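Report on one structure; see the data block that follows.
Bear in mind that the values in this text are calculations on the coordinates, not laboratory data. All figures in this text were calculated on a predicted structure; none of them were measured in a lab. Every residue, glycine among them, receives a Cβ derived from its backbone with ideal geometry; neighbour counts consider all protein chains shown.
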Number of protein chains: 2
Amino acid sequence: MADPATLSPLKLALLGLLSQRPRSGYDLLKVFSQTAMGGFSSSPGAIYPALKWLVRAGHIAGAVENRDTLRPRRVYRLIDAGTEALKASLRMPVTRDDVMRNADSVLLRFAFAGEVLGRGEAVRILEAYADEIESYLPELKAQLAALPKSAGPYGWHALKHGIDMYRADTRWARKVANELKEQFTARQARRYASTIQ
Amino acid sequence: MADPATLSPLKLALLGLLSQRPRSGYDLLKVFSQTAMGGFSSSPGAIYPALKWLVRAGHIAGAVENRDTLRPRRVYRLIDAGTEALKASLRMPVTRDDVMRNADSVLLRFAFAGEVLGRGEAVRILEAYADEIESYLPELKAQLAALPKSAGPYGWHALKHGIDMYRADTRWARKVANELKEQFTARQARRYASTIQ
DNA sequence: AGCGTCATGTAATGTGTTACATGATTCG
DNA sequence: CGAATCATGTAACACATTACATGACGCT
């Protein structure tokens, strides 16, 4: 990580989940194994060490619950420095590299940015994502044109599908960004209307 | 890799590219940096060691070109054991894990399977991919239903989009699989027609 | 003389997976 | 009483990224 504000996708996911509410390692494990977030990890072998790292980095704090009983659980919560780290990570620009290799992470960042930084920042991520894809699409189209269907029909189909999926991504991102903005202005309009009543 | 037939995505990509024609490390590097296959690697730091590994594993052989000149290049070509390893890897079943984390690899396998194993195997991969997604979709829909839009609207949008993209994936896979099968039967029909003329 | 491309590699580091290890509690 | 789940972790390994290192060739 050249940029110190960049967290690995797993650590970002952990901070995001802990920003919603305190959770134990096992709680987090279940989130990954039982929901669509499973793409960001599996297995205790990744999660427990990552939590340890986050504690040492001063981003989260662990407190032991049921200390006296025979089955204690260590519950982690986000502390100030962790909130800042999460925000900084969510504000990182959307890059070509993100689009090519980490599209899932961008979606994750969108979801948490909405919760942690508010609608405006979520909209900004969606628009940056769409922009970045749109600047990439011409290159992909050129590659498709350079690969005649008659030659490698299988590669051609795969590339074509990739392009179509990117197009669907941008359409979705623009649509949701506009919906979020309209809700905002509609709310402003209502508030304005109520003041002049 | 529990299963010995499983190659890392990068090694699979390298074997696939070398199955098309012999290439040097630098040639391969350019493919990744200049085409949509860039998702499978970047940087010499991954490619050269992987090539070395493939040589040691007996999958490819390197021959030095321009040995006498001052700028020699090492050209790698697939040898028998490598062809077998590639075929075995392409024939691996499409798993839930592939769908959740390695959708790109499945597309890569489809493309190379078509070239290396023929149309039938390519169709099989597409259908297995669609099947696997369709068995996963109900779970995702249940998750979406359990997450009311009013609660976490950002996460809701992200999950909804994930579901829609999976649906687009299956539609595409079924369509292309059917196209490939129809071409096949059309060709058989023509061949049959020519025999009875 | 300097820049861009050709061409190949290594070392340190980060990060995740697989497999292993341990033990308590709850439910049937 | 056995199986599933709760709950936490470690060790070996695989794998890729980043940054570094080297040097020739061709063009301006």
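Summary table
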read-out	value
Label point 7 Å beyond Cα along the C-beta direction, distances from A:Lys30 to other copies (nm, shortest first)	5.5
Residue-by-residue Karplus 3J(HN,Hα) for the stretch B:150-162, coefficients 6.51, -1.76, 1.60, Hz, glycine and proline x	5, 5, x, x, 6, x, 4, 4, 5, 5, 4, 5, x
Ascending list, in nanometres, of distances separating the A:Thr83 label from those of the other copies (7 Å, Cα toward Cβ)	6.4
Part-to-part distance (alpha-carbon centres) for the stretch A:72-106 and the stretch B:1-65, which is given in Å	32 Å
MRE, 222 nm, helices only [DSSP H, n ≥ 4, -39500 (n - 2.57), over chain A, to nearest 500]	-23500 deg cm²/dmol
R0 of 35 Å, Cβ-Cβ distance B:Ala151-B:Arg96: FRET efficiency to nearest 0.05	0.85
Ascending list, in nanometres, of distances separating the B:Tyr192 label from those of the other copies (7 Å, Cα toward Cβ)	7.0
Residue-averaged beta-carbon neighbours from other chains (10 angstrom radius) around B:156-166	5
Among B:Arg77, B:Arg56, B:Arg109: highest mean-square fluctuation, GNM of chain B, C-alpha pairs under 10 Å	B:Arg56
Residue-wise HN-Hα coupling along the stretch A:128-143, computed from phi with Karplus coefficients 6.51, -1.76, 1.60 (Hz; x: Gly, Pro)	5, 5, 4, 4, 5, 5, 5, 7, 8, 3, x, 5, 5, 5, 5, 5
Listed pairs A:Lys149/B:Lys175; A:Lys175/B:Lys149; B:Lys87/B:Lys181; B:Lys11/B:Lys87; A:Lys160/B:Lys11 exceeding 19 Å between Cα atoms	B:Lys87/B:Lys181; A:Lys160/B:Lys11
Positive minus negative residues near B:Trp156 (Lys, Arg vs Asp, Glu; Cβ under 13 Å)	0
C-alpha long axis of helix B:103-116 to longest principal axis of chain B, angle in °	50 degrees
Centroid-to-centroid separation of the stretch B:124-180 and the stretch A:130-196 [C-alpha atoms, Å]	18 Å
Three-way shape call for the protein assembly as shown based on the alpha-carbon gyration tensor, with the a/c threshold at 1.5	prolate
Distance in nm between pseudo-label sites at A:Ala142 and B:Tyr26 (7 Å out along the Cβ direction from Cα)	2.2 nm
Tilt relative to chain B, helix B:9-20 - C-alpha long axis, 0 to 90 degrees, to 10	60 degrees
Within 10 Å of each Cβ in B:175-181, the average number of Cβ atoms from other chains	2
Gyration tensor verdict on the stretch B:9-90 (Cα atoms; rounded if a/c is under 1.5, prolate if a/b is larger than b/c, oblate otherwise)	oblate
Highest to lowest packing among B:37-45, B:140-148, scored as the average C-beta count within 10 Å	B:37-45, B:140-148
Cα-based Rg of chain B normalised by 2.2 N^0.38 Å, two decimals	1.28
Chain A: most fluctuating residue of A:Gly82, A:Gly118, A:Gly152 per GNM, C-alpha cutoff 10 Å	A:Gly152
Karplus (6.51, -1.76, 1.60) ³J(HN,Hα), θ = phi - 60°, over the stretch A:166-172, in Hz, Gly and Pro reported as x	4, 4, 5, 4, 5, 4, 4
Between 0 and 90°, nearest 10: helix B:25-34 axis offset from chain B longest Cα axis	30 degrees
Candidates A:Ala186, A:Ala50, A:Ala128, ranked by Gaussian network fluctuation over chain A, Cα under 10 Å, top entry	A:Ala186
